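The values are calculated or read from the model by the stated rules, or taken from the named source; none is laboratory data. These numbers were taken from a predicted model, which means no experiment stands behind them. With ideal geometry, Cβ positions are generated from the backbone for all residues, glycine too; neighbour counts draw on all protein chains shown. Just so you know, the surface numbers come from the protein's heavy atoms only, side chains and all, with ligands and any DNA or RNA stripped out. Shrake-Rupley method; radii C 1.70, N 1.55, O 1.52, S 1.80 Å.
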Amino acid sequence: MNLITLKKLFNRIKRILAYPYDMKFLFFRKKRVKRNGIVLLIHESDRLGASLLLLHTAEEMARRNKHVYIISLQFGELNSDYSKIAPTQVIFSKFRFKQILKRLKEKYGYSKLLMITAAVGGYAHIASNLDYQIVSEIHELPPVITKLGLQNSTRDMLLYSRKVLFSTNDEKNGVLRLVNIKDSDRFIVKSQGTYYQKPSPNIVESAKGKLQSRYPQILRKKVIIGVGNTSYRKGFDIFINVAKEMPQYIFLWAGKKEKFFNLVRENGLSSNFVYLGQLNDNQLSGVYSVASLLLLSSRKDTLPSTIFESLLFNIPVIGSRNSGGVSSVIQEGKNGLLTNEVSENDFISAINRGLLNGNYTRMKKYLIENPLNNSFCDYISFILQLYV
């Protein structure tokens, strides 16, 4: 048993202990299954990117009266949310996965599978052997695939899927090179769309007012925000160090606290930094509404949804050309600024340039006059037509 397998086993046990009520999801949801649906497969059920993507995908499909059956490979906080939308089951083995797909196909007419992230790619050949039409989404960059040992899983997903969606061309080309597979028309670049719905003006103003009341310093200074989990990959430490060097601004971070937060805190947090914790959509709207800039400090990130959320609020974005897919959306000097490197010095320079009156006015004007159409509804329509 290798180290990665041991970590997965330990993680599974930890999740079972953390979410004992998820035991009910180990059983087939017979009473709720409807005919001729789509199976949605996810590797985990945390309140993070891929799992939230599945949640909103299921919501949008249900809104269109599409029948869905959700399968997760882990216990987790979102399984209860999934089950409110569609029958949900947790499976712990490929043998059990095969049983479920076979039952859904033979008794309920299921023949379509949507696989989200390369982490479930190792299940693709099972579905293919049962004649399921497979559409897959790969959101991981090559370094992440390598770090998690997902090369074989990714390769299987690419080989057995009818279509595979990538967020950017760079991501697609990098993944194909990593697993030594030639490009083809089965591999498609398509941004996933923004499932975040901007709340009504009254809700936004209320959230903004509560934030300003709790942190009155944001009334007196410009605000730089970061959104995401407090991890090394998201560059949380870089964000903190930039804040230390720029006391003239307030830096806010919203997102789930990871262990890396405590490591960063040991080196001290500056007084102009505020950690807001994990927020709901309404609370997050207040953060975007007080922000001058979004600093995307990620070391590696395919195409984070926070970019599109910021642009929805006409907030310019600062990110690095070398971090991932940010350069496929951000246009230098128009809707944000791009740095050559993921570094504190480059980000500090970009923030200073971005907040210059002339530059900032031009970017805000461009954002208002050129709203980005990145509809999640259109994205789901695109996925559904791939099965036709």
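Of note:
- For the range 203-351, a simple Cβ point-charge model (Lys and Arg +1, Asp and Glu -1, everything else neutral) yields a dipole of about 340 debye relative to the Cα centre.
- Cα extents for the range 1-51 along the principal axes, largest to smallest and rounded to whole angstrom: 41, 24, 22.
- Over the range 92-207, accessible surface divided per residue gives 46 Å², non-protein components excluded, 1.4 Å probe.
- Length, then width, then depth: along the principal axes, the Cα atoms of the range 43-122 run 32, 29, 21 Å.
- Here the relative contact order of the range 120-277, from alpha carbon pairs under 8 Å that lie six or more residues apart, stands at 16 percent.
- The range 281-388 - accessible surface per residue (Å², probe 1.4 Å): 39 Å²
- Apportionment of accessible area to carbon and sulfur, the range 235-348, percent (1.4 Å): 42 percent
- Computed over the Cα atoms of the range 279-377, the ratio of the radius of gyration to the Kirkwood radius (Rg/Rh) comes to 0.94.
- Within straight-line reach of Lys102, meaning a Cα separation under 20 Å, sit the following aspartates and glutamates at least 8 residues removed in sequence or on another chain: Asp131, Asp156.
- The range 291-337: equivalent-ellipsoid semi-axes (sqrt of 5 x gyration tensor eigenvalues, Cα, Å): 15, 11, 9
- Normalised contact order of the range 283-388, rounded percent, pairs of Cα under 8 Å and 6 or more residues apart: 23 percent
- The range 129-199: C-alpha gyration tensor shape, a/c 1.5 cut-off, then a/b vs b/c: oblate
- Straight-distance candidates among the lysines for linking to Lys208, with alpha-carbon spacing under 28 Å and chain neighbours fewer than 8 residues away dropped: Lys198, Lys221, Lys222, Lys234, Lys244, Lys256, Lys257, Lys334, Lys364, Lys365.
- Highest-first arrangement of 197-203, 333-339, where packing means the average Cβ count within 10 Å: 333-339, 197-203
- Computed over the range 109-268, the convex hull of the alpha-carbon atoms projects to a mean area of 13.6 nm².
- The Cα atoms of the range 74-190 define a convex hull whose projected area, averaged across directions, is 7.8 nm².
- The range 178-250: proportion of alpha-carbon pairs further apart than 20 angstrom, %: 62 percent
- Within the same chain, lysines fewer than 8 places from Lys172 are excluded, and of the rest, those with a Cα less than 16 Å from its Cα are Lys163, Lys182, Lys190, Lys300.
- The ellipsoid that matches the Cα gyration tensor of the range 112-158 has semi-axes, each √(5λ) in whole angstrom, of 20, 10, 6, with the longest given first.
- C-alpha center-to-center spacing [the range 144-169, the range 371-388] in angstrom: 21 Å
- The largest-to-smallest principal axis extents of the Cα set in the range 265-317 are 34, 26, 20 Å.
- Per-bin percent of Cα-Cα distances, the range 1-142 [10 Å]: 11, 45, 36, 7, 0
- In the chain the Cα-Cα distances spread across 20 Å bins starting at 0 as 27, 56, 17, 0 percent of all pairs.
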